[in-house]
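Engineer: Got a structure here, written out as structure tokens. Questions coming.
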Amino acid sequence: MDFKIQTAELDSLAGVGADALIVILGGEAVPKGLDAAVAKQVQAAIKLGDFALKAGQALTLTQAEGIKAPRLVLAASGKTTLVAARSALAAGLAQIKSRGAASAAVAFVGFEAGAESLAEQTALAGADAVYLYRHTKPSAPAAPKLAKLALLVGKSEQKAAKAGLARGEAIASGIELARECANRPANYATPTYLGQVVQGLGKTHGLKVEVLDRKAVEKLGMGSFLAVAQGSDEPLRFIVARYEGAAKTVAPVVLVGKGITFDTGGISLKPGAEMDEMKFDMGGAASVIGTLRAVAELRPKLNLVMIVAACENMPSGHAVKPGDVVTSMSGQTIEILNTDAEGRLILCDALTYAERFKPAVVVDVATLTGACVIALGGVRSGMYASDDELAASLTAAGDAALDPCWRMPLDDDYAEGLKSNFADVANIAGRAGGSITAAKFLQRFASKYRWGHLDIAGTAWKGGAAKGATGRPVGLLTHFVLSHAK
Ligand code: BES
Ligand code: MN
Ligand code: ZN
């Protein structure tokens with residue numbers, strides 16, 4: 001999708017030349033200052049009972065009187081918030097995306113949000129409207145005709161809109177990469193493949209990339225990561241990439257992603273129903289790879305390190321067994337009581353590895369627990385933070401990106417159940433508070449720096465008819481990383 005900002009005042013939309021003019025209406029009344037010819041069409045449609053200024057309402061008028069564009073799309077949001085604007089735009093784009101229009105021009109009228117965030121969301125909604133997984137589906141329809149999207153803004157808002165659009169395009173490009181990686185079946189998106197994707201990003205953007213194999217990981221003493229990987233014939237990868245946009249002395253932001261390319265549960269085998277969805281268990285890795293792309297495209301003045309621990313979790317004759325005790329890179333021993341709690345076992349070694357970067361902050365991202373899906377559903381990601389300032393900054397990033405999270409607690413009492421008679425720590429506690437006890441496990445390995453953790457088990461993908469990766473939380477992470485720019 002090709003995006004641009006086009007100058008047009010809201011009282012002169014009728015003359016805009018595009019295959020479709022999409023007018024997004026905020027609030028419950030026809031907004032003041034709206035172009036007279038458009039307002040006339042809105043009022044007529046309301047009178048006919050074909051349209052209302054309520055969320056979800058969208059209507060296409062062809063050859064509307066007084067409107068230059070051959071299609072006038074009206075989309076209402078009922079409210080005036082950014083979230084409402086975003087869903088109304090999605091509804092407006094849905095009206096035309098698979099039809100004859102090759103270009104569209106969008107105007108938002110009557111919203112409280114500024115041009116910058118509206119422009120960012122326009123790029124995201126545009127990219128989302130035309131995204132379709134094709135890689136292993138030759139019968140998928142060809143790309144929709146809609147290829148050009150212009151955002152119409154007044155003269156005074158040009159600068160803000162351009163900045164928002166650039167950020168939105170970069171995030172959209174990161175989300176696209178994350179979705180492509182995560183949607184690919186596990187026989188395509190292997191640890192080796194993820195390593196190649198990051199190496200490709202490195203070439204394109206001049207990043208330092210290291211892809212470690214089993215031997216190198218053994219040398220580092222990552223006994224916990226190795227224990228998860230040992231049941232699979234698919235080689236593991238430990239992927240590290242560095243974006244350097246500031247002086248070497250500036251402490252980096254470090255993002256760590258869980259890259260389980262397929263989670264069978266291992267010897268603690270999962271039930272069969274919906275097990276295919278465990279190909280999405282590298283959603284954390286996909287999101288940090290996507291964020292790396294977004295940041296590399298924007299080139300902010302900051303340093304970023306991305307770490308992905310990638311392997312399969314399989315049952316086999318050489319798989320790790322319940323009760324096995326392994327030694328993590330930190331030196332702490334772990335009793336693996338359940339081989340299906342594998343995400344924390346690969347992340348703990350990645351968190352220890354992160355120490356070497358003397359980070360300003362480390363945030364790990366993982367499809368970690370079914371319990372988080374129960375707690376927060378698919379709306380907000382679970383967020384944990386070692387201090388209030390970091391929590392506030394992750395919350396703000398999620399809100400700004402419309403990729404929200406919700407802070408969860410880290411009281412030490414939650415760690416009670418992780419006690420083991422045979423090792424320093426067990427990898428599971430009871431069923432209660434499962435997302436929190438997983439975070440408490442990780443926290444033991446993240447004591448040397450400021451640490452945040454996102455449990456994205458509910459937000460990284462959708463099941464059912466709309467099954468597919470969402471690309472979340474690339475938006476949250478990109479905003480968070482950008483907030484560190486000098
Ligand atoms: N990848 C899963 C978490 C998951 C499950 C995400 C379902 C989304 C949907 C993770 O590795 C896992 O299996 N966690 C277990 C932990 C348990 C054994 C303590 C879980 O949540 O059931
Ligand atoms: Mn598991
Ligand atoms: Zn898992």
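Engineer: Please verify whether A286 is touching a residue at least 24 places away in the same chain (Cβ under 8 Å) and surrounded by fewer than 24 Cβ atoms within 10 Å (Cβ to Cβ), treating the condition exactly as stated.
Structural biologist: No: the conditions fail for A286.
Engineer: Let me ask you something else. Here is a list of conditions, (1) more than 16 Å from ligand 3 (Cβ to nearest atom); (2) surrounded by 14 or more Cβ atoms within 10 Å (Cβ to Cβ), and R431 meets all of them except one; can you say which number that is?
Structural biologist: Looking at each condition in turn, R431 falls short on (2).
Engineer: Mind listing just one residue for me: the one in region 1-36 that is in contact (Cβ under 8 Å) with a residue 40 or more places away in the chain and polar (S, T, N, Q) and, of those, least open to solvent (accessible area, probe 1.4 Å)?
Structural biologist: Q6
Engineer: So which residues in region 306-325 are more than 16 Å from ligand 2 (Cβ to nearest atom) and open to solvent by 20 Å² or more (accessible area, probe 1.4 Å)?
Structural biologist: G317, H318, G323, V325
Engineer: Can you work out which of the residues in region 367-393 that are within 16 Å of ligand 3 (Cβ to nearest atom) and not aliphatic (A, V, I, L, M) is surrounded by the most Cβ atoms within 10 Å (Cβ to Cβ)?
Structural biologist: This residue is T367.
Residue-by-condition table, conditions (1) open to solvent by less than 40 Å² (accessible area, probe 1.4 Å); (2) in the same structural domain as E312 (by TED's automatic domain parsing):
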{"residue": "A142", "(1), (2)": "no, no"}
{"residue": "A147", "(1), (2)": "no, no"}
{"residue": "Q158", "(1), (2)": "yes, no"}
{"residue": "A161", "(1), (2)": "yes, no"}
{"residue": "E169", "(1), (2)": "no, no"}
{"residue": "R184", "(1), (2)": "yes, yes"}
{"residue": "P191", "(1), (2)": "yes, yes"}
{"residue": "V197", "(1), (2)": "yes, yes"}
{"residue": "G202", "(1), (2)": "yes, yes"}
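Engineer: Taking into account only those residues within region 336-356 that are away from ligand 1 (no atom under 13 Å from the Cβ) and of a type outside the set (S, T, Y), which is nearest to G417 (Cα to Cα)?
Structural biologist: C348
Engineer: Here is a follow-up. Mind listing whichever residues of region 37-62 are of a type in the set (A, V, I, L, M) and open to solvent by less than 60 Å² (accessible area, probe 1.4 Å)?
Structural biologist: Result: A37, V38, A39, V42, A44, A45, A52, L53, A58, L59, L61.
Engineer: If the requirement is being of a type in the set (D, E) and closer than 24 Å to L13 by Cα, which of these qualifies: E180, E157, E176?
Structural biologist: E157
Engineer: Restricting attention to region 336-366, and to residues there that are among the charged types (D, E, K, R), open to solvent by less than 20 Å² (accessible area, probe 1.4 Å) and away from ligand 2 (no atom under 13 Å from the Cβ), which single residue is farthest from P252 (Cα to Cα)?
Structural biologist: By that ranking, first place goes to D349.
Engineer: Have a look at D213, D276, D233 and point out the one that is within 23 Å of Q332 (Cα to Cα), surrounded by fewer than 20 Cβ atoms within 10 Å (Cβ to Cβ) and either modelled with pLDDT under 95 or over 19 Å from the mean Cα position of the chain (by Cα) (or both).
Structural biologist: Residue meeting the stated conditions: D213.
Engineer: If you don't mind, there's one more thing I want to ask. Which pairs turn up if I take residues in region 366-392 that are touching a residue at least 60 places away in the same chain (Cβ under 8 Å) and of a type in the set (V, I, T) and look for partners that are part of a loop (DSSP other than H, G, I, E, B) and within 16 Å of ligand 2 (Cβ to nearest atom) with beta carbon separation below 7 Å, at least 6 apart in sequence or on another chain?
Structural biologist: T367/I456; T367/A457; T367/A460; T369/A457; V373/A457; V373/G458
Engineer: Which ones in region 166-219 are among the β-branched types (V, I, T) and closer than 22 Å to T478 by Cα?
Structural biologist: Those that are among the β-branched types (V, I, T) and closer than 22 Å to T478 by Cα: I171, I175, V197, V198, T204, V209.
Engineer: Here is a check on your reading of the model: is Y414 among the aromatic types (F, W, Y), open to solvent by 30 Å² or more (accessible area, probe 1.4 Å) and in a helix (DSSP H, G or I)?
Structural biologist: Criteria met by Y414.
Engineer: Something else: Anything in region 239-273 that is within 13 Å of ligand 2 (Cβ to nearest atom) and either modelled with pLDDT under 95 or over 16 Å from the mean Cα position of the chain (by Cα) (or both)? List them, or say none.
Structural biologist: Result: I260, T261, F262, D263, T264, G265, G266, I267, S268, L269, K270, P271.
Engineer: Same structure again: Could you list, in sequence order, all residues of region 225-272 that are over 22 Å from I289 (Cα atoms), of a type in the set (S, T, Y) and away from ligand 1 (no atom under 14 Å from the Cβ)?
Structural biologist: Those that are over 22 Å from I289 (Cα atoms), of a type in the set (S, T, Y) and away from ligand 1 (no atom under 14 Å from the Cβ): S232, T249.
Engineer: Limited to region 250-267, what total is found for residues that are surrounded by fewer than 19 Cβ atoms within 10 Å (Cβ to Cβ) and farther than 30 Å from P300 by Cβ?
Structural biologist: Summing the residues that are surrounded by fewer than 19 Cβ atoms within 10 Å (Cβ to Cβ) and farther than 30 Å from P300 by Cβ in region 250-267 gives 1.
Engineer: What number of residues in region 300-329 are out of contact with any strand residue (DSSP E or B) (no Cβ under 8 Å at 6 or more places or on another chain) and under 27 Å from A460 (Cβ atoms)?
Structural biologist: Result for region 300-329: 5.
Engineer: Just checking, does region 121-133 include any residue being open to solvent by less than 10 Å² (accessible area, probe 1.4 Å), among the aliphatic types (A, V, I, L, M) and in a loop (DSSP other than H, G, I, E, B)?
Structural biologist: Checked region 121-133: no residue is open to solvent by less than 10 Å² (accessible area, probe 1.4 Å), among the aliphatic types (A, V, I, L, M) and in a loop (DSSP other than H, G, I, E, B).
The values are calculated or read from the model by the stated rules, or taken from the named source; none is laboratory data. Predicted model only: the values in this text are computed from it and were never measured. Here Cβ is always computed from backbone atoms with ideal geometry, including for glycine, and neighbour counts include all displayed protein chains. Ligands, DNA and RNA are stripped out before the accessible areas are found, and what is left, the full protein with its side chains, is counted by its heavy atoms. Shrake-Rupley method; radii C 1.70, N 1.55, O 1.52, S 1.80 Å.
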